Amino acid sequence: MPTDAPTIDCQVHAYDRNDEENFRSVLAGPATVTGDEMVAAMDVVGVDGALLISPYTIYGYDSSYCEGVRDRHPDRFGLIKPFDLNVANLGAEVDAWAGRPGVVGARIVLSFEGVTADHPGLDQVLAAGARTGLPINVLCWDQLSVLAALARRHPQTQLVIDHLGLQQPFAPPAPDEPWAELGEVLSLAQFDNVAIKISGACTLSHEPFPYSDIWEPLSRIFEAYGLDRCLWGTDWTRATNLLTFEQGVEAFRVTDTLSDDERATLMGGSVQQIYGWTPG
């Protein structure tokens, strides 16, 4: 991967409000992160593009706000939205979503929801992912065994594990044992159709910037999956209670554990490959 590859954040959110009227609860993050505010923040830290995920906590399954953001900034964002596993025509909904401008993926939430591997909606989403070539992003901390079952059942579907597959904090401090489930995360690398977001990794650190204690466990993930299946990202709106957007970016730029080519792959090249999307 050339070292001049674009820098792409694999997970950001944008929203026009964050208050008690949210779909579920108040989101950890600023009061607003409009599309224009997100682009301005990206410009400051040198992020060329990002995968824009409609925030379920605020909008539920309605992606219209983020679609509007992408329409205003088509060169900066690829679109991902969450889907309701309990709707009857789920496969058709994913098919329709895949055909919209700027769409690069779909998302399902297993964490918090108590979803089991035999939920019929899961097979509908993953079959649609294979049919359309749309990567399916999965929030699955505490549900890694479900992800393993899905990967085995749907080898033609590109699955992407959100946030390292590990529960991450919404406010300091980091968990006492943030990498406790790392072994199970590493075991999922056996499935060729599974990639992993290295998103929010800095929020798991017990040390200040540049978070030197994250690199040993991250190196094990890089080795297991290969960097072409690892996607850097900040999840910065959720992470703002723990670090700045700039710190989440610069920690990966200043580390000497990555060569320039490795950094380019992790911080943009793998997104281009897995999602088939490039900013600009």
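The values are calculated or read from the model by the stated rules, or taken from the named source; none is laboratory data. Note that the structure is a prediction, hence the values are computed from the model and not measured. Neighbour counts run over all protein chains shown; Cβ positions are idealised from the backbone, glycine included. Each accessible area value is taken on the protein alone, full model and side chains, heavy atoms only, with ligands, DNA and RNA left out. Shrake-Rupley method; radii C 1.70, N 1.55, O 1.52, S 1.80 Å.
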Region 40-60, subset modelled with pLDDT of 95 or more and part of a loop (DSSP other than H, G, I, E, B), residue farthest from Arg253 (Cα to Cα): Ser54
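Is it true that some residue in region 149-165 is under 24 Å from Pro30 (Cβ atoms) and surrounded by fewer than 14 Cβ atoms within 10 Å (Cβ to Cβ)? Write out each step before concluding.
First, pick out the residues of region 149-165 that are under 24 Å from Pro30 (Cβ atoms): 162-164.
From what's left, surrounded by fewer than 14 Cβ atoms within 10 Å (Cβ to Cβ): none.
No, because not a single residue in region 149-165 is under 24 Å from Pro30 (Cβ atoms) and surrounded by fewer than 14 Cβ atoms within 10 Å (Cβ to Cβ).
Quickly run through region 41-56 and pick out the residues that are open to solvent by 30 Å² or more (accessible area, probe 1.4 Å) and without any contact (Cβ under 8 Å) to a residue 60 or more places away in the chain. Full working, then the answer.
Just the residues of region 41-56 that are open to solvent by 30 Å² or more (accessible area, probe 1.4 Å), to begin with: 43-44, 46, 48, 56.
Asp43, Tyr56, listed by residue number.
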Kindly list, by first and then second residue, each pair from a residue in region 68-79 that is touching a residue at least 40 places away in the same chain (Cβ under 8 Å) to a residue that is aliphatic (A, V, I, L, M) and outside any strand (DSSP E or B), limited to pairs with Cβ atoms under 6 Å and residues at least 6 apart or on different chains. Val69/Ala14; Arg76/Val39
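Scan region 166-189 for residues that are open to solvent by 20 Å² or more (accessible area, probe 1.4 Å) and either closer than 23 Å to Gly133 by Cβ or not hydrophobic (A, V, I, L, M, F, W, C) (or both) and jot them down. Spell out the reasoning first.
Going through region 166-189, the residues open to solvent by 20 Å² or more (accessible area, probe 1.4 Å) turn out to be 167, 170-173, 175-177, 179-181, 183-184, 186-187.
Passing the criteria: Gln167, Pro172, Pro173, Pro175, Asp176, Glu177, Glu181, Gly183, Glu184, Ser187.
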Exactly one of Phe245, Phe209 is farther than 24 Å from Tyr56 by Cβ, in contact (Cβ under 8 Å) with a residue 40 or more places away in the chain and of a type outside the set (Asp, Glu), and that residue is Phe209
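If a residue must be open to solvent by less than 70 Å² (accessible area, probe 1.4 Å) and either within 22 Å of Asp162 (Cα to Cα) or in contact (Cβ under 8 Å) with a residue 24 or more places away in the chain (or both), how many such residues does region 18-27 contain?
Of region 18-27, the ones open to solvent by less than 70 Å² (accessible area, probe 1.4 Å) are 18-19, 22, 25, 27.
Going one step further and asking which of them are either within 22 Å of Asp162 (Cα to Cα) or in contact (Cβ under 8 Å) with a residue 24 or more places away in the chain (or both), we end up with 18, 22, 25, 27.
Residues meeting the conditions: 4.
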Does region 210-221 contain any residue that is of a type in the set (Asp, Glu) and either farther than 21 Å from Glu184 by Cβ or in contact with a Pro (Cβ under 8 Å, 6 or more places away or on another chain) (or both)? no
Inside region 190-229, the number of residues satisfying the requirement of being crowded, with 17+ Cβ neighbours inside 10 Å and under 17 Å from the mean Cα position of the chain (by Cα) is 18
Every residue in region 94-118 that is hydrophobic (A, V, I, L, M, F, W, C) and in a helix (DSSP H, G or I), please. Val94, Ala96, Trp97, Ala98
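Can you work out which of the residues in region 28-39 that are assigned to a loop (DSSP other than H, G, I, E, B) and open to solvent by less than 30 Å² (accessible area, probe 1.4 Å) is modelled with the highest pLDDT?
Restricting attention to region 28-39, the residues satisfying the condition of being assigned to a loop (DSSP other than H, G, I, E, B) are 28-32, 34.
From what's left, open to solvent by less than 30 Å² (accessible area, probe 1.4 Å): 28-29.
Details: Ala28: 84, Gly29: 88.
Here the residue is Gly29.
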Tally of residues being open to solvent by 20 Å² or more (accessible area, probe 1.4 Å), under 17 Å from Gly46 (Cα atoms) and not aliphatic (A, V, I, L, M) across region 230-257: 6
Would a scan of region 4-26 turn up a residue that is under 17 Å from the mean Cα position of the chain (by Cα), over 18 Å from Val249 (Cα atoms) and among the β-branched types (Val, Ile, Thr)? no
Taking region 119-137, which residues are in contact with a helix residue (DSSP H, G or I) (Cβ under 8 Å, 6 or more places away or on another chain), buried (at least 17 other Cβ atoms within 10 Å of the Cβ) and not in a helix (DSSP H, G or I)? Leu134, Pro135, Ile136, Asn137
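Considering only residues that are open to solvent by less than 10 Å² (accessible area, probe 1.4 Å) and in contact with a Phe, Trp or Tyr (Cβ under 8 Å, 6 or more places away or on another chain), which ones fall in region 67-82?
Filtering region 67-82 down to residues open to solvent by less than 10 Å² (accessible area, probe 1.4 Å) leaves 69, 77-80, 82.
Within region 67-82, Val69, Gly78, Pro82 qualify.
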